[in-house]
Each structure stands twice: as structure tokens, then as C-alpha cells.
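Chemist: Quick one: structure below, then a few questions.
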Amino acid sequence: MPGSLSIRRKVDHMRLYTLIPIVSGTITEWSSKLAQIKQMGFDTVHLLPLTTLDTSRSPYSAKDLFSVEPRYVTGGAAGDGLAELEQFVETARSLEIRLCFDLVLIMSASTAASPSKPPCGSSPTRPDPMAFAAPTIIATKDGFPGMTWS
């Protein structure tokens, strides 16, 4: 695959910090932790799913794939989760920290509303095989994480 070697080199040298939203406060608080994360030598932050949670409160049981869990937003449900997330991304970018968003599209809560439209690039007559692909972090032989698509 063209370009895969350069992607592989970047991934092989990744130092990954996992931020667990449910115990890390609000998105605004995460932004304030990024400088310390960078000082510890990490260059990538992995975030567990940020979508609105179902009653099980598992980050892998999304109730709504198109909204941010209110507990992660300053001001709760009245806050603007996407605006806070955009600021978090900009702060990470300014510190040259890569972000790895864990987004599970093949599982959702039993109470989740079905999307009103199919994922980008797919239709009922022509499904996009990559529409539900999700990145998976794996360990390589030298101990650095690698990335595959599943």
C-alpha cells in the first residue's frame, strides 16, 4: 500500500496516554491536562468513546452516536460538547499531540435511536465496506503500539 511505510514509522514511535473520560472530569479539564501529558513524554492521547451513554454507563454502549456525554461537558446537558471538543482538539494540535478517538460504530445501546441516514459514502444499495471500520491499537514486537483497521 503506498505510503503505509511512513504511516507505520509514525505509529511505531507513538507514546500513548489513555484518557478515561468517566474519571477525568470535563473536556475543558482534559485540555488543562494536555501540557502535563506532553511533559511526561507522551505524543498521542487515546480517548475512550465520548458519545452519550446508555443506562449501563459503559462507554461502549452508546445511546446517541451524534452527541457528547453531558457529564463530560462543562454545564452538563446545557453545555456545548462539540465546541468544547473542538477547543480540546485545537489545544492538542498546538502542543503537537495526536489524538486517537475510540469510536465504536458496530455496537450501541439497546435503547439507542437508529441513525436517520446511513454513514457517509454508503447507501442501502451500495454499502461502503469502510463505513464501520474502527482503529484497533495493538502491540508490536518491539513494544510500541501499532494500528490496524478492523
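Chemist: Let me confirm something: among P59, P135, P127, P49, which residue is under 26 Å from M14 (Cα atoms) and at pLDDT below 50? It would help to see each step written out before you state the result.
Modeler: Details: P59 fails: at pLDDT below 50; P127 fails: under 26 Å from M14 (Cα atoms); P49 fails: at pLDDT below 50.
Criteria check complete, one pass: P135.
Chemist: Next question. If I go through the stretch 55-107 residue by residue, how many of them are touching a helix residue (DSSP H, G or I) at 6+ places or on another chain (Cβ under 8 Å), assigned to a loop (DSSP other than H, G, I, E, B) and surrounded by 18 or more Cβ atoms within 10 Å (Cβ to Cβ)?
Modeler: Residues meeting the conditions: 4.
Chemist: Oh, and also: Which residues, taken from the stretch 108-124, are surrounded by fewer than 13 Cβ atoms within 10 Å (Cβ to Cβ) and modelled with pLDDT of 65 or more? Can you show your working first?
Modeler: Of all residues in the stretch 108-124, those surrounded by fewer than 13 Cβ atoms within 10 Å (Cβ to Cβ) come to 110-111, 113-117, 120-121, 123-124.
T111 - this is the single residue of the stretch 108-124 that is surrounded by fewer than 13 Cβ atoms within 10 Å (Cβ to Cβ) and modelled with pLDDT of 65 or more.
Chemist: If you don't mind, another one. Could you list all residues from the stretch 68-106 that are under 15 Å from the mean Cα position of the chain (by Cα) and at pLDDT below 85?
Modeler: L103, V104, L105, I106
Chemist: Of all residues in the stretch 19-40 being modelled with pLDDT under 95 and assigned to a loop (DSSP other than H, G, I, E, B), which is farthest from V73 (Cα to Cα)?
Modeler: If we take residues in the stretch 19-40 being modelled with pLDDT under 95 and assigned to a loop (DSSP other than H, G, I, E, B), then I20 is farthest from V73 (Cα to Cα).
The values are calculated or read from the model by the stated rules, or taken from the named source; none is laboratory data. None of the values given here were measured: they were computed from a predicted structure. For neighbour counting, all protein chains shown are included, and Cβ atoms are generated from backbone atoms with ideal geometry for every residue, glycine included.
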